[in-house]
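Enquirer: Have a look at this one before I ask anything.
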Amino acid sequence: MPSRQGPFILAIDQGTSATKSALIDAAGRFVARGSAPLTERHPKPGWVEQDGREIWASVREAVRRCLDGVDARAVQAGAIVAVGLSTQRESVLLWDAATGEPVSPVISWQDQRGTELCDALRSDATEQLVRLRTGLPLDPMFSAVKASWLLDAHDPDRVRSKAGAIRLGTIDSWLLACLSGEHLIEAGNASRTQLLNVARVDWDDDLPALFGIPRACLPRIVASTGPFPATRGLGPLPDGTPLHAVMGDSHAALFGHGALAPGQVKATYGTGSSVMGLLAHPSELQAGLCLTIGWMTDRPAYAAEGNIRSSGATLRWLASILDVEVPALVAMGLAAASDGVVLVPGFGGLGAPWWDRNAVGLLSNLTLGTSRAALARAALESVVNQVGDLVEAIAHSVGEVSTLFVDGGPMRSDGLVQMQADRIGRPVLRASEPELSALGVAHLAGLAGGLWSREDLEALPRPRDRFEPGSESPASRERVRQWYDAVARAGSRAVREIGPKEIAR
């Protein structure tokens, strides 16, 4: 049982498959942890839902499990000086303003039911308006079309939402409402809704109306460091403990890596993947990438981001097809050659840098001699190839990418990390601490709460494993060329210019 008396930061990381909680001391070390799993529902093909009540219950359970092993006297004596909250992004729900009860399910960031609305809105003028105002492509991954669908289903005449009787929010907004009853959203999460004017960091004048979303049901935007209301309902944590930071989970991971300068890029590997790096100025953003507010303190820190729809999900899918566990699939693929097989995981279209909603999943170059191991290798290559595409796209935005920081479950495999280093031709640094989102939001909460200065944060130890790229060979260049050929066949659009540039690098 930990006996140290603090000060501590309590970090809550609310993700797609679980909510995790961690207690972090003034030296940046993890003292205690807790986790609570979550379920998903798939009522129709392409639909992914969660339950808002279950998400809030998982937060309470993760905190309880984390603090159960901590000296209760220290907790009650105020040794926990701040709380930080990181959350999954783009997912959205409605709740009743009077009762606080959900009106709708949570529509997950993975959900594709907004595709028809995107298609109905799509025109050159609309796509240009959305891109210029929000920094995002018109795509069903983002919150706006999900929110429009929910309002059509639960408030079709918009009477309740126009009156403010129904509230709309992302997961951070929902959890802030559960904690305090206030209707707020953090700026970085707001930048993923496709409703935010990213230059002004305020709801856009035209986009809510474009998507049929009344301004009255939208939350108030606050900086990543608040001010936020104090916490309540997270026993054994005392009510009134200050909440000093809220971030999107991918943004928090970037902060946790300490990748705070342009040219330092991180990739988080999960169900999908997020590749993100700070920009010196938003105008540097290249086509195929999203403009995101990484975090906002006194001013917004802008980042270039690419979102991959399927990475860990690809490995889980193929593992289920082959009737093996994911670690066995990874081991099988690392020990094999692909024999020319290429897997393009366009299960719900392709995300960045292609943004091709019509792309399909594709296995190419199959023969009667194709083995299970070759399929496993192709799945691993699909993960590192997608990240490689985005590293190159960000490099075109910032001038050069010196290092890739990585985190997430698939990156526990040394062999897969080495594959990534070989693919991008740059060093890859893997954090020894896997919970980077929790660490990052804890760092920002401690900074905002006065536990650390920026110099203190820079001095905190960040143990990492370093993987150097191997020498490039004609065979590896040919594999990249085969990847781009397969992407072109999987999609309805030509491969963008990033492909030839990468091959020629």
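The values are calculated or read from the model by the stated rules, or taken from the named source; none is laboratory data. All values reported here derive from a predicted model rather than from experimental measurement. Quick reminder, even Gly has a Cβ in these numbers, built from the backbone with ideal geometry, and neighbours come from all protein chains shown.
Enquirer: From E392, E305, E381, E400, which residue is among the acidic types (D, E), part of a strand (DSSP E or B) and not assigned by TED's automatic domain parsing to the domain that holds D202?
Expert: E305
Enquirer: Quick one: is R426 within 20 Å of D249 (Cα to Cα) and basic (K, R)?
Expert: no
Enquirer: Condition first: under 12 Å from A303 (Cα atoms) and among the aliphatic types (A, V, I, L, M). Now tell me which residues in region 237-272 satisfy that.
Expert: Result: L254, A259, L260, A261, V265.
Enquirer: Separate question: Here's a check for you: in region 226-260, which residue that is part of a strand (DSSP E or B) and out of contact with any strand residue (DSSP E or B) (no Cβ under 6 Å at 6 or more places or on another chain) is nearest to P463 (Cα to Cα)?
Expert: Looking at residues that are part of a strand (DSSP E or B) and out of contact with any strand residue (DSSP E or B) (no Cβ under 6 Å at 6 or more places or on another chain), I get G248.
Enquirer: Could you go through region 183-190 and let me know if any residue there is touching a Pro at 6+ places or on another chain (Cβ under 9 Å) and at pLDDT below 95.
Expert: no
Enquirer: Sticking with this one: Between a residue in region 261-280 that is part of a strand (DSSP E or B) and at pLDDT below 85 and any residue that is of a type in the set (D, E, K, R) and crowded, with 24+ Cβ neighbours inside 10 Å, which pairs come within a Cβ distance under 9 Å, given they are 6 or more apart or on different chains?
Expert: Qualifying pairs under 9 Å: none.
Enquirer: In region 132-153, which residues are in contact (Cβ under 8 Å) with a residue 60 or more places away in the chain and either outside the structural domain of G164 (by TED's automatic domain parsing) or loosely packed, with under 14 Cβ neighbours inside 10 Å (or both)?
Expert: The answer is D152, and nothing else.
Enquirer: Which pairs have Cβ atoms under 6 Å, sit 6 or more apart or on different chains, and link a residue in region 70-94 that is within 30 Å of K162 (Cα to Cα) to one that is of a type in the set (K, R)?
Expert: R89/R192; E90/R192; V92/K146
Enquirer: For region 203-226, name all the residues that are out of contact with any helix residue (DSSP H, G or I) (no Cβ under 8 Å at 6 or more places or on another chain) and more than 22 Å from E127 (Cβ to Cβ).
Expert: First pass over region 203-226, keeping only residues out of contact with any helix residue (DSSP H, G or I) (no Cβ under 8 Å at 6 or more places or on another chain): 205, 209, 220.
Of everything in region 203-226, just one residue is out of contact with any helix residue (DSSP H, G or I) (no Cβ under 8 Å at 6 or more places or on another chain) and more than 22 Å from E127 (Cβ to Cβ), namely R220.
Enquirer: Then there is this: Considering only region 412-432, state which residues are out of contact with any strand residue (DSSP E or B) (no Cβ under 7 Å at 6 or more places or on another chain) and either part of a loop (DSSP other than H, G, I, E, B) or farther than 30 Å from S471 by Cα (or both).
Expert: S413, G425
Enquirer: Report, by residue number, each residue of region 158-214 that is within 21 Å of the chain's Cα centre (by Cα), among the aliphatic types (A, V, I, L, M) and not in a loop (DSSP other than H, G, I, E, B). Reasoning before the result, please.
Expert: Restricting attention to region 158-214, the residues satisfying the condition of being within 21 Å of the chain's Cα centre (by Cα) are 168-176, 184-198, 201.
Cutting the leftovers down to among the aliphatic types (A, V, I, L, M) gives us 168, 171, 175-176, 184-185, 187, 190, 195-196, 198, 201.
Those that are within 21 Å of the chain's Cα centre (by Cα), among the aliphatic types (A, V, I, L, M) and not in a loop (DSSP other than H, G, I, E, B): L168, I171, L175, L176, L184, I185, A187, A190, L196.
Enquirer: Residues that are buried (at least 22 other Cβ atoms within 10 Å of the Cβ), touching a Gly at 6+ places or on another chain (Cβ under 7 Å) and within 27 Å of V487 (Cα to Cα): does region 425-440 have at least one?
Expert: Among the residues of region 425-440, not one is buried (at least 22 other Cβ atoms within 10 Å of the Cβ), touching a Gly at 6+ places or on another chain (Cβ under 7 Å) and within 27 Å of V487 (Cα to Cα), which makes the answer no.
Enquirer: With respect to the numbered conditions (1) surrounded by 24 or more Cβ atoms within 10 Å (Cβ to Cβ); (2) touching a Leu at 6+ places or on another chain (Cβ under 9 Å); (3) among the polar types (S, T, N, Q), which one is the sole condition not fulfilled by N189?
Expert: That leaves (2) as the condition not met.
Enquirer: Kindly list the number of the only condition in (1) closer than 21 Å to S173 by Cβ; (2) in contact with a helix residue (DSSP H, G or I) (Cβ under 9 Å, 6 or more places away or on another chain) that fails for D239.
Expert: Answer for D239: the failing condition is (2).
Enquirer: Given the conditions (1) in contact (Cβ under 8 Å) with a residue 40 or more places away in the chain; (2) under 24 Å from P45 (Cβ atoms); (3) part of a helix (DSSP H, G or I); (4) among the hydrophobic types (A, V, I, L, M, F, W, C), report the number of the one that L129 does not fulfil.
Expert: Exception for L129: condition (2).
Enquirer: Taking the condition modelled with pLDDT under 90 and either out of contact with any Pro (no Cβ under 8 Å at 6 or more places or on another chain) or among the aliphatic types (A, V, I, L, M) (or both), does R462 pass?
Expert: For R462, the condition - modelled with pLDDT under 90 and either out of contact with any Pro (no Cβ under 8 Å at 6 or more places or on another chain) or among the aliphatic types (A, V, I, L, M) (or both) - is met.
Enquirer: Further, regarding this structure: Consider G450 against the criteria (1) under 22 Å from the mean Cα position of the chain (by Cα); (2) part of a loop (DSSP other than H, G, I, E, B); (3) within 18 Å of D298 (Cβ to Cβ): it satisfies all of them except one. Which criterion is unmet?
Expert: Going through (1) under 22 Å from the mean Cα position of the chain (by Cα); (2) part of a loop (DSSP other than H, G, I, E, B); (3) within 18 Å of D298 (Cβ to Cβ) one by one, G450 breaks only (1).
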